[in-house]
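What follows is a set of notes on a single structure, which appears directly below.
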Amino acid sequence: QSRRGNGLVFCSKYMSDDEAKTALLNNVEGKPINEPRVIKYRTGTRRKHWNKNCVAIGLASGFIEPLESTSIHLIQQSIIRLMQNMPTKAIESCYQDDFNNKMRFEAENIRDFIVLHYHVTQRTDSDFWRYCKNMPIPESLAKRLELFKQSGHVYKAEQELFGEASWLQVMLGQGLVPQNYHPIVDSMSDDELKRFLESIKNHVAKKANSLPSHIDFINHYCKAK
């Protein structure tokens with residue numbers, strides 16, 4: 001707790017290492033205690049996380065990006081699913097197929113959620129952001145976005161990591177507004193609709209008020225030694 005970590009994630013097609021270092025240092029308050037280090041990474045996932053008698057877990061299985069930081073979740077899911085498919089002396093292909101299918105589902109779902117952040121951006125102030133706004137996206141994400149645009153419905157598959165609230169926050173937060181709303185609203189009276197919305201507001205307020213402030217949480221659980 002005696003120092004603060006700073007980093008800058010950038011695309012080497014649109015920014016050089018030196019430009020990234022300059023941008024990082026220009027936004028650091030105080031005197032840096034280390035020189036910036038350039039850490040290169042390759043985005044992607046293995047075609048097979050479990051191949052023959054080898055199981056790739058963590059960074060050995062792939063890497064998506066550092067901002068959403070889903071690596072710990074993927075490590076946990078790999079361990080849980082390996083335990084569920086723990087082989088005997090003979091490694092059955094059905095165990096491997098189930099493991100690989102589920103881990104690919106995890107990776108692709110996280111990929112879509114990450115791509116969403118960049119694709120629905122309103123920023124056009126650089127070549128990078130203009131590319132993101134117009135880049136091709138996975139069909140699974142395109143269908144999800146179209147569903148939300150047309151109806152306001154947030155799709156969530158079973159066992160997805162990110163819930164409806166997470167998808168909704170990013171889409172609305174980035175300025176993606178549905179063209180229509182659910183027709184059941186038209187069957188509700190103004191009073192009924194008002195009570196429904198008030199119940200949501202009260203529930204959020206009650207939950208928020210029951211939680212400690214950020215600094216109180218830090219002081220209680222993370223006291224500096």
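Quick grid of which residues meet (1) of a type outside the set (A, V, I, L, M); (2) outside any helix (DSSP H, G or I); (3) not assigned by TED's automatic domain parsing to the domain that holds Gln76:
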site: Tyr118; (1), (2), (3): yes, no, no
site: Thr124; (1), (2), (3): yes, yes, no
site: Ala142; (1), (2), (3): no, no, no
site: Gln150; (1), (2), (3): yes, no, no
site: Tyr155; (1), (2), (3): yes, yes, no
site: Glu158; (1), (2), (3): yes, yes, no
site: Ala165; (1), (2), (3): no, no, no
site: Tyr181; (1), (2), (3): yes, yes, yes
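Here is a yes/no grid of residues against (1) of a type outside the set (S, T, N, Q); (2) surrounded by 11 or more Cβ atoms within 10 Å (Cβ to Cβ); (3) at pLDDT below 95:
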| site | (1), (2), (3) |
| --- | --- |
| Asp98 | yes, yes, yes |
| Ala157 | yes, no, yes |
| Glu160 | yes, yes, yes |
| Ser166 | no, yes, yes |
| Gln169 | no, yes, yes |
| Gln174 | no, yes, yes |
| Val177 | yes, no, yes |
| Asp186 | yes, no, yes |
| Ala208 | yes, no, yes |
Subset of region 108-157 [over 22 Å from Arg42 (Cα atoms) and in contact (Cβ under 8 Å) with a residue 40 or more places away in the chain]:
Val120, Thr121, Gln122, Ser126, Ala157
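Yes or no, residue by residue, for (1) in a loop (DSSP other than H, G, I, E, B); (2) surrounded by 10 or more Cβ atoms within 10 Å (Cβ to Cβ):
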residue: Arg3; (1), (2): yes, no
residue: Leu8; (1), (2): yes, yes
residue: Ser12; (1), (2): yes, yes
residue: Lys21; (1), (2): no, yes
residue: Leu25; (1), (2): no, yes
residue: Glu29; (1), (2): yes, no
residue: Ile33; (1), (2): yes, no
residue: Val38; (1), (2): yes, yes
residue: Arg47; (1), (2): yes, no
Starting from region 1-19, keep only residues that are outside the structural domain of Tyr118 (by TED's automatic domain parsing) and more than 21 Å from Thr43 (Cα to Cα), then list their pairs with residues that are of a type in the set (Ser, Thr, Tyr) and assigned to a loop (DSSP other than H, G, I, E, B) whose Cβ atoms are within a distance under 9 Å, requiring at least 6 positions of separation or different chains.
none
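The values are calculated or read from the model by the stated rules, or taken from the named source; none is laboratory data. The structure presented is a predicted model; accordingly, all values stated were derived computationally and were not measured. Backbone-built Cβ (ideal geometry, glycine too); neighbour counts: all protein chains shown.
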